[in-house]
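The values are calculated or read from the model by the stated rules, or taken from the named source; none is laboratory data. From a predicted model like this one, the values you see are computed outputs, not experimental measurements. Here the Cβ is made from the backbone with ideal geometry for all residues, glycine too, and neighbour counts use every protein chain on show. Ligands, DNA and RNA are excluded from the accessible area calculation, which covers all protein heavy atoms including side chains. Shrake-Rupley method; radii C 1.70, N 1.55, O 1.52, S 1.80 Å.
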Amino acid sequence: MADFKFEPMRSLIYVDCEKEDYRPKLQRWLYKTHVPDSISQFEPYVTKYSFYPSFPIPPEGDRFGYARMQLTEHHWLVSDLDPRLEIKAIAETFPMDVLVWQGNIPEAALGAGQIDAEGDAGNAARQSNDAAGKPFIFTFLPMWWEKDIKGKGRTIEDGANYRFNMTIGFPEGVDKEEGEKWLFEKVVPVMEAAPEVTRILASKVKKDINGCVMDWTLEVWFENQSGWYKVMVEDMKALEKPEWAQQDAFPFLKPYHNICSAAVADYTTANNLTNYHGYITMR
């Protein structure tokens, strides 16, 4: 184990819920099965493992690839994709149904049972990219934000935060430098100028970890959903549509493929490494 590379990093998983009928099933699996399975496997090399439930999808939020279930955060000490970590005494329980509930694969796969994988079933699931569904977006980031764009010095006493987290990947064929120029010289200035925006942070996605299609992750904070709509929908109408646009209005990117997002609170009770005590039900 001494030769494992010490590489502190964060990861974010954008968990959608394809239908409201699936929400009870997905929530039950996450808390009854997935949390203890996960902690059993990676507790020695993960320092934070949390679920941030998504606020209700805002108007036109589907165009932003809005994850309607939650944002899952890990803090890693080593890469979870190291092949040596695939040898596990007890395999992770990951039925195909979960990917259907999340919209990653078609409904035809319901009832197909456990994911068939030579190695780790969970990692196989997290690499799913079915043409008929939405790719499983699993972004790795530096442990610390790389760009502090607006709102430095904000504290928890400055008010509630509607933290809109979005990860974007420039379309195939778009030069990365040109994409970044568009993002930071066209898009971000609109956010910076808006009084509704209290904080902006950004980091480049660590694509070398798992080949994620996304390029940048940003957090843009508001006081509430109304502030989000005013800036992200109304103010962004002033932006010129880029020639590579995949949809007619901002964010101009293909939802759930080139952009995923979720708005969450600062705090969650599902800080699983410290707060999880089993699937204790309501009487």
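Can you compute the modelled spin-label distance between Lys176 and Ser40, with each label point 7 Å from Cα toward Cβ, in nm?
About 3.9 nm separates the two model spin labels.
Between the alpha-carbon centers of the stretch 66-96 and the stretch 18-38, tell me the distance in whole angstrom.
Each part's Cα centre sits 15 Å from the other's.
Sorting check: for 211-218, 42-49, which peptide has the highest mean count of neighbouring beta carbons within 10 Å, and how do the rest follow? Don't skip to the end; give the middle numbers.
Values: 211-218: 20.1, 42-49: 15.0.
Result, highest mean Cβ count within 10 Å first: 211-218, 42-49.
Using amide H atoms built in the peptide plane, which far-off residues or other-chain residues are under 5 Å from Ala67 H to H?
Ser261, Ala262
Quick one: which residues, 5 or more positions from Trp216 or on another chain, have an amide H under 5 Å from its amide H? H modelled 1.01 Å from N in the peptide plane, none for Pro or chain starts.
Excluding prolines and chain starts, which carry no amide H, the hits are Ile168, Val205.
Quick one: Karplus J couplings for the stretch 168-173, per residue in order, coefficients 6.51, -1.76, 1.60, θ = phi - 60°, nearest Hz, x for Gly and Pro?
For the stretch 168-173, the Karplus-derived couplings read 10, x, 5, x, 4, x Hz, x marking Gly and Pro.
With a cut-off of 8 Å between alpha carbons and a minimum separation of six or more residues, what is the relative contact order of the chain in percent?
Details: 511 pairs, mean separation 73.6, N = 283.
Contact order relative to length: 26 percent.
Any idea what the relative contact order of the stretch 217-266 is, in percent, if you count C-alpha pairs under 8 Å spaced at least 6 apart?
Details: 20 pairs, mean separation 9.6, N = 50.
Contact order relative to length: 19 percent.
Using a 1.4 Å probe over the heavy atoms of the protein chains, calculate the carbon and sulfur portion of the accessible area of the chain as a whole percent. List each step's numbers first, then the result.
Working: 7280 of 14100 Å².
After summing per-atom areas, the C and S share lands at 52 percent.
Whenever you get a sec, line up His34, His257 from highest to lowest accessible area (probe 1.4 Å, protein heavy atoms).
Numbers: His34 20, His257 50 Å².
My answer, sorted largest first, is His257, His34.
Go ahead and estimate [θ] at 222 nm for the chain from helices alone: -39,500 (n - 2.57) per DSSP H run with n ≥ 4, summed, over the residue count, rounded to 500.
Numbers: 9 runs with 52 residues, N = 283.
Counting only the DSSP helices, I get -4000 deg cm²/dmol.
By average Cβ neighbour count within 10 Å, what is the ranking of 97-105, 183-191, 83-91 from highest down? Walk me through the numbers before you get to the answer.
Numbers: 97-105: 23.7, 183-191: 15.8, 83-91: 11.6.
Result, highest mean Cβ count within 10 Å first: 97-105, 183-191, 83-91.
Check which residues have an amide H placed less than 5 Å from Asn224's amide H, if you skip close sequence neighbours.
So Asn224 has HN proximity to Tyr162.
When the chain is treated as a GNM, springs tying every alpha-carbon pair under 10 Å, which of Ala194, Ala249, Ala131 comes out with the largest mean-square fluctuation?
Maximum among the listed residues: Ala131.
Calculate one ³J(HN,Hα) per residue across the stretch 202-213 by plugging θ = phi - 60° into the Karplus curve 6.51 cos²θ - 1.76 cosθ + 1.60, and present them in order as whole Hz with x for glycine and proline.
Per-residue couplings from phi come out as 8, 9, 7, 5, 7, 5, 5, 6, 9, x, 4, 6 Hz.
When the chain is treated as a GNM, springs tying every alpha-carbon pair under 10 Å, which of Ala202, Ala238, Ala67 comes out with the largest mean-square fluctuation?
Of Ala202, Ala238, Ala67, the Gaussian network model singles out Ala238 as fluctuating most.
Please work out the FRET efficiency for the pair Val190 and Met143, using the Cβ-Cβ distance as r and a Förster radius of 30 Å; give the result to the nearest 0.05. Please report the intermediate quantities before stating the final value.
Working: r = 29 Å, r/R0 = 0.95.
In this case the efficiency is close to 0.55.
Viscosity 1.306 mPa s, temperature 10 °C: Stokes-Einstein D of the chain from its Kirkwood Cα radius, in µm² per second?
Working: Rh = 19.8 Å.
Result for D is 80 µm²/s.
Need one number: nm distance between label points at Tyr279 and Glu234, each 7 Å from Cα along Cα→Cβ, rounded to one decimal.
My value for the distance between the label points is 4.5 nm.
With every protein chain present, what is the per residue accessible area of the chain (1.4 Å probe, Å²)?
Working: 14100 Å² over 283 residues.
Heavy-atom accessible area per residue stands at 50 Å².
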